[in-house]
Amino acid sequence: MITIKKTFFRSVLLFFAVCWSVSAQKDYKLWLQYNKVANADLAASYLSTIQGIVSLGNSGTVKIAGAELASGLEEMLGKKFENKAITSGGTIIIGSKESLSFEIRKEIGNFDLINNEGFIIKSISVKNKKHILITGKKDIGVLYGVYSFLRLIQTHQAIKNLNIADAPKTNIRILNHWDNLDRTVERGYAGFSLWNWQKLPDFIDQRYIDYARANASIGINGTVLTNVNANALILTPQYLEKVQALANVFRPYGIKVYLTARFSAPIEIGGLKTADPKDADVAKWWQDKAKEIYKRIPDFGGFLVKANSEGQPGPQNYGRDHVDGANMLADAVAPFGGVIMWRAFVYSEHDANDRAKQAYAEFVPYDGKFRENVIVQVKNGPIDFQPREPFHPIFGAMPKTPLMMEFQITQEYLGFSTHLVFLPKLFQEVLESETYQKGKGTTVAKVIDGTLTSSKLTGIAGVSNIGNDLNWTGHPFAQANWYGFGRLAWNPYLDSETIADEWLRCTFSNDENFIKPIKKMMIESREAVVNYMTPLGLHHIMDTGHHYGPGPWVSNLSRPEWNPVYYHKADKNGIGFDRSKTGTNATAQYAPEVAKIFDSMETCPESDLLWFHHVSWDYKLKNGQTLWNGLALKYQEGVNQVKEMQNIWNKTQKYVDADRFKEVQMLLEIQYKEAKWWRDACLLYFQQYSGKELPAGVEPPKESLDYFKSLKFPFAPGN
Ligand code: GCV
C-alpha cells in the first residue's frame, strides 16, 4: 500500500514538474516562442520559398544570426534547413555588404537607404534562381534583419516578393537597470538582479546570453548594468573584471555595456579629498579610470549619471554646475568614443518652486553648453513616471542639446508587476505630443530622434522591468512592455496597436479570435490604470516609500514635495494643482501654443485637468457631470475596466497554455482587488473635502478611510 502511494505521489509530482517546466519554458521564451505554423497551406507556402540557408561571414554576430535563423525556421516549419550553395535556389542568404559577391550586392543597389545598424530583406534573383537576401552595412544589421524576417513568419506574413529596408531611428536604445551590487533591484518587481556578481566573471549564466538575444531581437543596443543611485565599487578592478565578462557576452549581439558613475567615486575609491570637477586631480582620476575601463572593454558605451538629485553627490557639492560635471566626464571618455548620459531628474527641498518646474529651470539655461558627447536624459514627464503626465517641457526647450527620453518600463507607480498595463500606449502618447518647438508637427519623437536638431547623438532609455523571475518580468504581459519599449526605441513612430499585435502573435497565438479581444484589452489597460489610480490629471497620490497602493492623505514627510497633499491640494473648494498663469505658471515652460491650451480650463484636455488647475467640486465637465461626480465615476470606470479585462481573459483559455492562462487570471484578480482599493481609499479621502455623496453607479466602499490609512507594507518589493 505504502509503495503504491509513494509511486502514485511520485508520478503526480513528476507530472507537475513536467507541466511546470513546459510552461516555465514558454514564459521564459518571451516573444521568441517560434510556435509551429499550424496552417498547412501557409506552412507549405513558406516551405516552397525556403530551401536552405547560406551564411556569409565568420563573425560571432553572423554566426548567431545563422543559428537563430536555422533554429527559428526549424521550430516554426518543422524542417531542418541545411547550409546550401547559392546555385540551388530558394536559399536565404545572410551576410553584410562586405561579404556579398558583386553579383548579389548589385541586387541591392543603394545601401544608403539604411544606416550602420539597418537591414535590407529582399527577394532577389541570381542566375534565374530566386533567393531571399538579408543584409546590412554591418553584421549587426544582418542579425536585426534575421530577427525581423523570423518575425514575418511568426506573425504569418507573406515572404514572397520582399523588399524591406529598415533602420533604427535612434542611436542609443538602452535599458537602465536600477540593479544594486547586492542584487536587490530598486523599483524592481521581478525578483533579484540578473547579474550574479558573486559568480562573475568565471560563471556565465545562460540567462546573460538569453537576455542579450531577447534584446537584440528588438534592436536594443545598450544596457546600463547598475543603479543610478550608484555604488562607486562598480568602478574598481574587482568589479570591472565582472563587467568585462558581461560585455564579452553581449558584444556579438550588438549590445554595449554602460555603467553608472557615482560622482564622488574619486573620493570613495580613489583616495582623493575632493570630487570637484574643476580639480585637475579629479579630472585626471576620471581620465585614468576611463583608460582602465576601455582597456578591458574597448566598446564600453560610457556613463549614466544621476547627480545632485535625491541626495546623490554631484558638481553642486563643490559650487559647480551640471555642465561642469558632465563635461569633465565627457572629456574623460571622449578619446574612446564614449558618451555621458546626464540625467535631468532634479528637484530640491530648498526650492520652494513647484517641483514640476524645477528641472526645466535648472537645465534650460545650459542649452548648447554641453560637450558633443553628452546627452541629457529626461524623464517623459515633469514629475516622476506617473500613470499620466503631460510631456516634459524640457523636450520643447533645449534645441541645442541632444536630449534622450527616459521611460520607466518597471511599474513603480502602475501596480508593480501585478497589474496588466500595456505601456507602449503611454509611451506613444508622449512621443506624439506636440512641443511646437518649431511649429506644428514638432513632436517629442522628432526631438529625440534628432530630426529637429540634426543631432548625431540620439537615444531612448527604459528603466528595466527585468529580474531573475522565471518569466523575466513578473507578469507575463509585462514582457510586452520590454518588447514594446525596444520596438519604439527602434522606431518612435510605431503605433502601439501594431506593437501589441506583433507581440501577441509572437508570444501566444496568431488566432484572430484570441488576438482581437486581447489586443483591445491591452490597449485599454493603460487608461484603466489611470482611471482607478489617478483620473483627470491627479498624480503622485501613492503611499510613501514603496509607492504601493493609495496614500492621498500622506502629509507628514520631511520634504513638502514628497507628500501627496502637495500634489492634489484637495480642499473644500475643489481639487488639483493650479499650474496655470494664475498659479505656479508651469504652463509657461511650454511653447505658447501648448501653454495656451493647458492654461485654460476649457481647452485643457480633461485627462490633464487637475494637473494644471485647481477645480471646484461643482465644475461642469464636458459630459455634463460635476467634477466630484465625474471623478468618482472615473474611479468606478477604472474598476469596471479591470472587471472587463478579466471577462475577456477568461474566454481565452483554449488559446493559451494552461499555466500562463492561470497566471494571468490570478494576477488580474489581484489587479481587480487593488483597483477597488484605489477607488475606495481615494474617494473616501476626497469625500471629506467635497462633502458630497457618491453618485449613482459608484459602488459604496466596504471599508472605512481609517482602515485604508492603517494598511502598512513593510516588505513591499523594490523599495
Ligand atoms: C533610482 C524616483 C524613484 C527612485 C529613483 C528616482 C530616480 O524617485 O522612486 O527610486 O531612484 O525616481 O529616477 O532617480
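Read-outs throughout are calculated quantities, based only on the coordinates presented, and are distinct from any laboratory measurement. Values in this document were obtained by computation on a predicted structure and should not be read as measured data. Using ideal geometry, Cβ is built from the backbone for each residue, glycine included, and neighbour counts are taken over all protein chains shown.
Observations on the model:
- Paired Rg and Dmax values of the chain, which use every Cα atom, in angstrom: 26.6, 84
- Radius of gyration (Cα atoms) of segment 172-495, expressed as a multiple of 2.2 N^0.38 Å: 0.94.
- Amide H contacts under 5 Å for residue 443: 435, restricted to partners 5 or more places along the chain or on a different chain, H placed in the peptide plane at 1.01 Å from N.
- Whole-Hz ³J(HN,Hα) from phi, Karplus 6.51 cos²θ - 1.76 cosθ + 1.60, for segment 176-185, glycine and proline x: 9, 8, 8, 8, 8, 5, 8, 6, 6, 10
- Dipole of the chain, positive direction: furthest Cα of 198, 323, 392, with charges on the beta-carbon: 198
- Divide the volume of the convex hull around the Cα atoms of segment 596-637 by the residue count and you get 64 Å³ per residue.
- Cβ-Cβ distance of residue 582 and residue 438, R₀ of 25 Å, FRET efficiency by 1/(1 + (r/R0)^6): the value works out to about 0.30.
- Gain upon complete extension [residue 210, residue 702; 0.36 nm per residue less C-alpha separation]: 172.5 nm
- Placing +1 on the Cβ of every Lys and Arg and -1 on the Cβ of every Asp and Glu, with nothing else charged, gives the chain a dipole about its Cα centre of roughly 1800 debye.
- Cβ charges +1 (Lys, Arg) and -1 (Asp, Glu), total dipole of segment 40-166, debye: 340 debye
- Computed E for residue 75/residue 164 - FRET, C-beta separation, R0 25 angstrom, nearest 0.05: 0.65
- A Förster distance of 25 Å, applied to the separation of the beta-carbon atoms of residue 493 and residue 42, puts the FRET efficiency at 0.30.
- Estimated distance in nm for a label pair at residue 67 and residue 673, the labels positioned 7 Å out from Cα along Cα-to-Cβ: 4.4 nm
- 19 Å reach of a label modelled at residue 666, 7 Å along Cα-to-Cβ, counting backbone N of segment 672-715: 672-675
- Under the span-like rule (Cα at least 15 Å along the axis, Kyte-Doolittle mean at least -1.0), DSSP H helices of the chain: 2-28, 60-77, 139-154, 237-250, 322-333, 479-490, 496-507, 512-533, 627-650, 658-690
- Extension gain from residue 361 to residue 192, taking 0.36 nm per residue of separation minus the Cα-Cα distance: 57.2 nm
- Dividing the Cα radius of gyration of segment 291-386 by its Kirkwood radius returns 1.01 for Rg/Rh.
- Taking the Cα centre of segment 172-495 as reference, the dipole from Cβ charges on Lys and Arg (+1) and Asp and Glu (-1) amounts to some 680 debye.
- Segment 40-166: Rg to Rh, with Rh as the Kirkwood radius over Cα pairs: 0.93
- Spacing of the two label points (7 Å from each Cα toward its C-beta) at residue 352 and residue 593, in nm: 3.7 nm
- Those trypsin sites (Lys or Arg not before Pro) in segment 21-100 that DSSP places in a loop and that have at most 14 other beta carbons within 10 Å: 36, 79, 80
- Amide H within-cut-off set for residue 130, under 5 Å, with H built and near neighbours excluded: 90
- Between the listed residues 499, 77, 234, the Cα displaced farthest toward the positive end of the dipole of the chain, a dipole computed from Cβ unit charges relative to the Cα centre, is found at 77.
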